[in-house]
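To start, the structure itself, in structure tokens.
The values are calculated or read from the model by the stated rules, or taken from the named source; none is laboratory data. These numbers were taken from a predicted model, which means no experiment stands behind them. Cβ coordinates were reconstructed from backbone atoms using ideal geometry, including for glycine residues, and neighbour counts include every protein chain displayed.
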Amino acid sequence: IEYIKGKIDCTGTLKGTAIVNYGTIGEISGTIGSEEKTGTGIYNYSSGIIESISGGTIKGTTTGIVNEGTIRKVEDNITTGIDGGNIIGGTYGIRNSGNGNMVMTGGLVKSTNEIGIYNQSTTGTITLGIDDGIAYQLDNQGNGYPEVRGKTYGIQNEGTFNFYDGVIYVEDENISIETIPEYAIKGTVNTAKIKEEGEIIGNYSVAYGN
């Protein structure tokens, strides 16, 4: 599939999966799934490749995307992956499992109840931002960096997590500002260079809370 721009949803009373992908999807910028009818917006199996998610909304009652394959976009020899759009799930915004590999340089991933991004497998890899030594730059629409929001944790990592640019929010009002770093990221950060106002803050840091 070269391009998905319209709307795809499930029918009937059971909350199924809007798109099951074993092959290659070029670019997604449409509306995939809904909270009313869809359990999972996209299930990307181990052979599946999603070249780019550049806009639109992917939504599921349980999970926005289950990724066992690859989410990527190659442009000017830079792997960018998710660079726009909204990916929203009740339990997980994205659940990365198996050998899943995803790169996020923009857009929003959100869980309304639990974990924004869950890197479930020890062999899974998630990367936020680009290791270019440049701080993220906001455009006049407030875009330009990856944003992850969770209720209990922003990101829970069991595999490899590379963190270069972005903002991670924990939206549980019972979590104090002082303890937000403990909940923004649960697990190991393998590589981290968080930029703020053009400066690199140490080798390890967590992002910002609201």
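In the stretch 91-124, which residues are crowded, with 24+ Cβ neighbours inside 10 Å and assigned to a loop (DSSP other than H, G, I, E, B)? Within the stretch 91-124, 100 is the sole residue that qualifies.
Taking the criterion of being among the polar types (S, T, N, Q), part of a strand (DSSP E or B) and either over 11 Å from residue 61 (Cβ atoms) or modelled with pLDDT under 90 (or both), the residues of the stretch 18-43 that qualify are 21, 24, 31, 38.
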